[in-house]
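The values are calculated or read from the model by the stated rules, or taken from the named source; none is laboratory data. Predicted model only: the values in this text are computed from it and were never measured. Note that each Cβ is placed from the backbone with ideal geometry, even for glycine, and that neighbours are counted across all protein chains shown. Calculation scope for accessible area: heavy atoms of the full protein, side chains included, ligands and nucleic acids excluded. Shrake-Rupley method; radii C 1.70, N 1.55, O 1.52, S 1.80 Å.
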Amino acid sequence: MLRVWGEGAVGAVNEVFRPIRGVSLSKSPSGRPRVGRVGRGIGDEVVALILDEPGQTLEVEIQCHGGPAAVGLVIDSLERVGVRWRSADDWLADHQSSRLKWLAHHDLVHAETDRTARYLLAQAQGALDEAIETIRNQMGNTPSEAIRRLDRLIQVAEVGLHLVSGWRIALAGRPNVGKSRLLNALAGYGRAIVSPTPGTTRDVVTARIAIEGWPVEVSDTAGLRETHDPIEAGGVVLARSRHEGADLVLLILDQSEPLSESDRALLSEYESSLIVCNKSDLTAAWEPEPSWKEVQRISAERGDGLESLVATLSRRIVPTPPDVEEAIPFRAEQREQLIEIRRLLQEGSLDDARKKLDWLQYEAT
């Protein structure tokens, strides 16, 4: 889909658009789709539509076939009548009154799920701008209410910062507890090699999935144990690094074998992890201890308990999902600026706080 905008946009497209039937494009009412051809020779069959948006000069949207050759036919014809090629970012910069809307439109292109796209679409349509305007108006008369609203924006930014990049979940545990099989079960296909040989997984193996609409990267890592094999030892180092950078670690335990000293050491090391007792399809050799905070029982082999595990993962990464139309900061610099604005407002530096708001709304990159 191509958009031609600026003074003379309709006239330029009219020169290259050959309607299948009826009057020329320039004599068509806005909002009426017209079928025709654009390009040398037979050209590409396209749909052209004049757009009449309030406050904007007339624009033309051209819907052509995909692929570089078909698109190239249309662009070549437009360039021959003086139309200059510009990027979608240029169009956004010309049409958005707020830098926040521009950034939201930009990130919306990279949204991987319907759920995250809806949140970004709300920001592209002005949800975050409206929240900032409200805060700006409250700063002088009710600063405490402005601070309360800032607190909420800073809080929900924890979700907003993951809308494009997603969350990271890492699988940890000693060798052969079923980490690779669980990765495959969550991904829905054989992403990782499964073998009874201890230490099979050496590198970090990842799969990009969606958990209840949240984009997630799941990492299968080397089994954690002491080893003299330099390659496996390197895998263990990579594993621990991946665990440190994860939003959530799943500590996988094999319930069909007695708990080992290695298992107990990992339970102490990964206190904030979600404990997953695997191989529930086999006879249990032990039961979870009452002191363990939260436990999920599964069989990665048969799929038992996976539905409950997925629901728990969703709750752990996003405990309280924001309303879909709520204002949500979605970039790190936005959250940092909001934290700074809150500090300035608490200190009574009203002018500086307003300048920061203006920068955030209209100049932030």
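Annotations
- Residue within the range 94-103 that is at pLDDT 95 or above and open to solvent by less than 20 Å² (accessible area, probe 1.4 Å) present: no
- Counting only residues that are within 38 Å of the chain's Cα centre (by Cα), among the small types (Gly, Ala, Ser) and loosely packed, with under 13 Cβ neighbours inside 10 Å, the range 1-36 holds 1 of them.
- Residue pairs meeting the criteria (Cβ under 9 Å; at least 6 apart or on separate chains; first at positive phi, in the range 272-298; second open to solvent by 50 Å² or more (accessible area, probe 1.4 Å)): Lys279/Glu257; Lys279/Glu301
- Restricting the range 59-90 to residues that are of a type outside the set (A, V, I, L, M) and buried (at least 18 other Cβ atoms within 10 Å of the Cβ), the residue that is modelled with the lowest pLDDT: Glu59
- Of all residue pairs spaced 6 or more apart or on separate chains, those with beta-carbon atoms under 7 Å, a first member in the range 17-33 that is of a type in the set (Gly, Ala, Ser) and a second member that is in a helix (DSSP H, G or I) are Ser24/Asn14; Ser26/Val10; Ser26/Gly11; Ser26/Asn14.
- Residue count for the range 337-365, restricted to those that are farther than 19 Å from Ala127 by Cα, outside any helix (DSSP H, G or I) and open to solvent by less than 80 Å² (accessible area, probe 1.4 Å): 2
- Residue among Ala70, Ala146, Ala117 that alone is within 18 Å of the chain's Cα centre (by Cα) and small (Gly, Ala, Ser): Ala117
- Pair list, Cβ < 6 Å and 6+ apart or interchain, from the range 1-12 residues that are of a type in the set (Gly, Ala, Ser) to residues that are open to solvent by less than 30 Å² (accessible area, probe 1.4 Å): Ala9/Glu59; Ala9/Val60
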